[in-house]
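One structure is given below, encoded as structure tokens.
The values are calculated or read from the model by the stated rules, or taken from the named source; none is laboratory data. All values reported here derive from a predicted model rather than from experimental measurement. Methodologically, a virtual Cβ is constructed for each residue, glycine included, from the backbone with ideal geometry; neighbour enumeration extends over all protein chains shown. Remember, those area values only see protein heavy atoms, side chains included, never the ligands or the DNA or RNA. Shrake-Rupley method; radii C 1.70, N 1.55, O 1.52, S 1.80 Å.
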Amino acid sequence: MPRLTGLISASLALPVAALAQSVTFAKDVAPILRAKCQECHQPGSIAPMSLVTYEDARKYARRIKARVAARVMPPWHIDRTVGIQEFKNDRSLSDAEIATIVRWVDEGAPAGNLSDLPPAPTFPDPNRWQYADQFGPPDLVIRSKPYDLAARTQDKWFRPVSETGLTEARWVRAIEIRPVKPEHRKVVHHVLTLLEQQEAEGITGLAHEAHGVQRTAGLFMEWAVGKVGEIFAADAGKLMLPGSKIRWEVHLHAIGEAMEGVEVDLGIYFYPKGVVPQRRTVLRMFDVSRGSELDIPPNQVAMTQNFYVMQAPARLENFQPHMHMRGKAMTMEAIYPDGRKELLSAVNNFQWNWHVNYVYAEHAAPLLPRGTVLAFTAWHDNTAANPNNPDPNQWVGWGDRTVDEMAHVWIDVTYLNQAEFDRLVAERKARR
Ligand code: HEC
């Protein structure tokens, strides 16, 4: 970040006269915290401390500088210099915002004229359904079963099954997952939900994947710390059939405090009855570890790759890499049938406790012709230079625990027929 460094040293060299216009909390910093931090850093939300008042922010000034300068906070760890940069949920700071915060801390975190501050915002309750503003309350809420987690124990994987109770087919436009009690967010590391239902051949439009009758429609949604849920593109949705069931996988991580009756809710928002979206979206897991073949020697950075050929034209709606403590970076490239290669997305600052889902803006979501090769590359940093590495002298292989490794990507794929694909490509060309 040469530009940023320049700004920092320039701020240190400020002549005394320039201090008159120095950055202050009231004028410069509070608006940034409000827009980019307080959603999580407010009393009762998911972050460990509030950053609402001047006193809060001043107390944490050094740590704020360290986290924002390293682009660890706010959690948005995508490489901003390559690939698609238009997302629906971008919460990153601009270089200028980072420079403002850094300079404010370097100048002693002055308050400025606090009476200039706009009135404190009233925050929406972090424990309400977040998509309710948009869609009204969820149409269907499905709860997992209670699980008692000891204060100290290995990571646990809890896999109960819940009936959906549906008696007719419904199209889903948004899904949200949340631990029922706010305090349980500290131990629920991630949640997978699988939709089990009797699929007739052809109904999925995925003839290449559905051989005969298939029992599961596969993954319904994946949730991990830092994620709210998923809203599907305006022309797409997921299909739930009568008699369907949800199979859960709740990954729990003990924190030294016993937690009783940990439960998770799945909130489902349907399209109105009779509204059938044009396309069906399926959540796919692209395995980068080649069927759990990871081999990560001590004190080394290891690279793993895997390749998939798209059997039908498709639009990719998002990019969400999954690795653990040694996870460092992951890229997704498209090799088109004409041989052209394009880097679609790269996460270069992966943080294992933040499984950020990067959701493409509709007009920027990759459109892949049939026959495109998707190439995924993952890097694990098992050296002492990785601050998240608990022990660089261990050999690490594939496994469920956070001290073992994984490498895969979750992507909502909307499969298209050739005519739809051609139409979407033509629309894109017309936009430019
Ligand atoms: C999506 C929610 C979210 C947003 C947005 C967010 N944070 Fe955080 N922040 C957290 C959580 C949760 C933690 C604790 C876990 C961790 O450290 O990753 C945290 C940790 C931190 C810490 C470290 C606290 C410590 O104990 O050392 C700092 C500093 C911080 N955040 C600052 C910020 C700033 C500044 C912003 C905005 C520019 C911001 N965060 C935006 C959720 C968030």
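Can you compute the modelled spin-label distance between Ser292 and Asn388, with each label point 7 Å from Cα toward Cβ, in nm?
2.2
With each label point set 7 Å from Cα along the Cα-Cβ vector, what nm distance links Ala234 and Ala70?
That separation, rounded to one decimal, is 4.1 nm.
Which order do Ile46, Ile84 take when ranked by solvent-accessible area (1.4 Å probe, heavy atoms of all protein chains), largest first?
Order by accessible area, largest first: Ile46, Ile84.
To the nearest 10 degrees, how steep is helix 2-12 against the longest Cα principal axis of the chain, on a 0 to 90 scale?
Approximately 30 degrees, to the nearest ten.
When the Kirkwood hydrodynamic radius is evaluated over all pairs of different C-alpha atoms of the chain, what value in angstrom, to one decimal, is obtained?
23.7
Could you name the aspartates and glutamates in cross-link range of Lys238, using Cα to Cα under 12 Å and dropping any fewer than eight places away on the same chain?
Within reach: Glu230, Asp412.
Considering only protein heavy atoms, what is the solvent-accessible area of Lys186 at a probe of 1.4 Å, reported in Å² to the nearest 10?
Only protein atoms counted, so the area is about 120 Å².
Spin-label point model (7 Å from Cα, Cβ direction): what's the Glu86 to Arg159 distance in nm?
For Glu86 paired with Arg159, the spin-label model returns 4.2 nm.
Given the options Pro118, Pro390, Pro110, state which has the largest fluctuation in a GNM of the chain using a 10 Å cut-off (strictly under) for Cα springs.
In the Gaussian network model the winner is Pro118.
Quote the FRET efficiency, to the nearest 0.05, computed for Val141 versus Arg423 with a Förster distance R0 of 41 Å and r equal to the Cβ-Cβ distance.
Once the sixth-power term is evaluated, E becomes 0.65.
What lysines does Lys341 reach when the alpha-carbon gap must be under 20 Å and sequence neighbours fewer than 8 apart in one chain are set aside?
Lys429
Could you tell me how many degrees, from 0 to 90 and to the nearest 10, lie between the Cα long axis of helix 418-431 and the main elongation axis, the longest principal axis, of the Cα atoms of the chain?
With rounding to tens, the tilt is 30 degrees.
Highest mean first, how do 320-327, 162-169 rank when packing is the count of other Cβ atoms within 10 Å averaged over residues?
Ranked from most to least packed, the peptides come out as 320-327, 162-169.
Enter the angle in degrees (range 0 to 90, nearest 10) between the Cα long axis of helix 95-106 and the first principal axis of the Cα atoms of the chain, meaning the one along which they spread out most.
40
Got a sec? Charge dipole of the stretch 280-432, +1 on Cβ for Lys and Arg, -1 for Asp and Glu; which of Leu344, Gln305, Ile411 is way out at the positive end?
Leu344
Can you work out the FRET efficiency for the pair Glu183 and Leu114, with r the C-beta to C-beta distance and R0 = 25 Å, to the nearest 0.05? Don't skip to the answer; put the middle values down first.
On the way: r = 33 Å, r/R0 = 1.31.
The computed FRET efficiency comes out at 0.15.
Got a sec? What order do Phe307, Phe220, Phe135 fall in by accessible area at 1.4 Å, biggest, i.e. largest, first?
The most accessible residue leads, giving Phe307, Phe135, Phe220.
Test of understanding: extend the Cα→C-beta vector of Lys245 to 7 Å, then name every residue of the stretch 142-173 with backbone N under 20 Å from that spot.
142-147, 157-170
Going by Cα centres, the stretch 143-164 and the stretch 343-377 are how many Å apart?
30
Please give the peptides 367-374, 136-143, 262-269 ranked by average Cβ packing (other Cβ atoms within 10 Å per residue), highest first, as a rough proxy for protection.
So the order, starting with the most tightly packed, is 262-269, 367-374, 136-143.
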